[in-house]
Amino acid sequence: MKHKWWKEAVAYQIYPRSFYDSNGDGIGDLQGIIQKLDYLKDLGIDVIWINPIYQSPNDDNGYDISDFYDIMDEFGNMADFDELLNEVHKRGMKIILDLVINHTSDEHEWFIESRSSKENPYRDFYIWHPGRPDGSDINNWGSFFGGSVWEQDDQTKEYYMHIFSKKQPDLNWENPKVREHLYDMVNWWLDKGIDGFRVDAITHIKKREGFPDLPNPQHQKYVQSNGGHANQPGIDEFLSEFAERTIKNYDVMAVGEAGGAGFADAKHWVEEKDGYFNMIFQFDHLGLWKAKEGKLDMEELKKAMTKWQTGLEGQGWNALFLENHDQPRSVSTWGDDTDLRKTSAKAFATFYFLMQGTPFIYQGQEIGMTNVRFDSIEEYNDTGMINMYDYETKNGMSHEEMMSYIWKNGRDNARTPMQWSNEPHAGFTTGTPWFGVNPNYSEINVEEAVNDPDSIFHYYKKMIKLRKGTPALVYGSYELRAEAHPQVFAYLRLYDGERYAVIVNLFNEPAEFSLDEDLEIEELLLSNYYSNAAVTDTLQLKPYEARVYKLS
Ligand code: TEU
Ligand code: CA
């Protein structure tokens, strides 16, 4: 297997709005990131992925871009960005940006032109439809954020497609001019010296020809599914052209966000020879945390992880993650965010981090930040959840039901400001934070974690160091063990005659576990219960116990 810097890297995702505010306006910014780079370096981070920082009216917090070539005013300006890039590089780290090219903001000049008349040269930059003569729906496609994907525009009375919010019209990738403009923009950033991209919603750029109705067995008004626009026939031509014209000409890291594409479809996307990306975010594992009678579905989890691990062995590369800005906090969903918060956070960290692939940590995950519960919908920000709340409460769901759904599933769980200390507003800002801080910041914060040798933070630090010093934990092949064990996720990493075992009890109950006869322990390298020097001959695993062994 080829050695590459991005395979050896550990990545950290920053949601800039909520990371650190340097000027007291309550909004995280680029100078704030610069001030925290030493913290990330100390943790052992190599690559920083920053969510969109481009000019944007912020309908979807930067995922609605109005100018690709400019920085959002609230975050700073291009000089701040250049300084950030330079400071990151000075510390031997790298930076990848979010690339949002499925859609723009409706305030982007292309859309302003496009909507102005049917004859405008930019008309075909977006997807327009004249509508049905009888005024009925064009089709039954539902937007991810509620309602139809079609919105009638005042100026020409025609309809444009938006698979996310109304303020995020989809670009028309069928138009070669659109693609040219996008490639120019991507190369402009690459020429600036950034180290790659996380490519947003890239499965959605190809829409099904003719926009036919989706199957609708539940007779919904709109079907909110990937059926019409995820991974459609013809997408490969777009992706291969995109890759050839941009990222493949640079030594950069390209991570595709591949929601709605399964292993069979997306495997070749990351193949070393002709793939489009170095790795993709796929979501097979994410729904499984409460899938079986309200509990984690171990059988499916083992299948989901192992399919990608063994399927890409020697051919492609994985991106490993538990959290991002669209997901609830992992310790609250997968683990226990009360008494066993630290132990369970370390267990889930061990489980995913030491597989084959490039691990990503989402801001706050390294200190075990938890979900939040605000009482009223007014305290929330996410356009997706707010639309859904309005829609569902109008259609019969109670406020209580909807809030408990949001507390568990809402994207805002991940977007509360980073908890730096027990000072007011968690030390995130000296002003008024743009979005509520989780009240548990007095206990859960970076300062506390850095000062506590037993913290989740120090566990990550140790694990990162271990991965860096152990080629088998980067390049080694993966082998699932104890396949049928209902509580324990166990796998080996094998490389050059060396063998390592990762054994994690993913449940809040003790577990019996025995090593297969061909395995013999040489040394305990990492544990969330014992000091590393302890020799543990027992394999009675405590609740959420994780162990990493070197085998002989
Ligand atoms: O999310 C993309 C997204 O929601 C889909 O890919 C979806 O996850 C998948 O198809 C479900 O199967 C990205 C960003 O991460 C998110 O924050 C943005 O709101 C969204 O794109 C729009 O830019
Ligand atoms: Ca600020």
Practice prompt. Output the residue which, of all residues in region 261-284 that are in a loop (DSSP other than H, G, I, E, B) and crowded, with 20+ Cβ neighbours inside 10 Å, is farthest from ligand 2 (Cβ to nearest atom).
Written response: Gly275
Worksheet entry | Total residues in region 83-102, condition part of a helix (DSSP H, G or I) and in contact (Cβ under 8 Å) with a residue 40 or more places away in the chain | 6
Response to the item:
Reported set for region 310-320 where residues are buried (at least 20 other Cβ atoms within 10 Å of the Cβ) and in contact (Cβ under 8 Å) with a residue 60 or more places away in the chain is Trp317, Ala319
Item to complete: Check whether at least one residue in region 6-15 is in contact with a Lys or Arg (Cβ under 6 Å, 6 or more places away or on another chain) and either among the β-branched types (Val, Ile, Thr) or assigned to a strand (DSSP E or B) (or both), and report yes or no.
Response: no
Worksheet, complete the sentence: When every residue in region 377-388 that is in contact (Cβ under 8 Å) with a residue 12 or more places away in the chain and more than 16 Å from ligand 1 (Cβ to nearest atom) is compared, the one surrounded by the most Cβ atoms within 10 Å (Cβ to Cβ) is Ile377
Worksheet item: Among the candidates Gln168, Gln152, which residue alone is touching a strand residue (DSSP E or B) at 6+ places or on another chain (Cβ under 7 Å) and more than 30 Å from Ile14 (Cβ to Cβ)?
Response: Gln152
Worksheet item: Would a scan of region 228-244 turn up a residue that is at pLDDT below 95, in contact with a His (Cβ under 8 Å, 6 or more places away or on another chain) and farther than 30 Å from Tyr495 by Cβ?
Response: yes
Discussion item. Being within 18 Å of Gln327 (Cβ to Cβ) and small (Gly, Ala, Ser) is the requirement here; does Gly431 meet it?
Written reply: no
Fill in: Given (1) among the acidic types (Asp, Glu); (2) crowded, with 17+ Cβ neighbours inside 10 Å; (3) away from ligand 1 (no atom under 16 Å from the Cβ); (4) within 21 Å of Phe321 (Cα to Cα), number of the condition Asp80 does not satisfy
(4)
Item to complete: Answer yes or no: is there a residue in region 27-36 that is out of contact with any Leu (no Cβ under 9 Å at 6 or more places or on another chain), aliphatic (A, V, I, L, M), away from ligand 2 (no atom under 16 Å from the Cβ) and farther than 20 Å from Val255 by Cβ.
Response: no
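The values are calculated or read from the model by the stated rules, or taken from the named source; none is laboratory data. Quick caveat, the model's predicted, so the values are computed rather than measured. Positions of Cβ are backbone-derived with ideal geometry, glycine not excepted, and every protein chain shown enters the neighbour counts.
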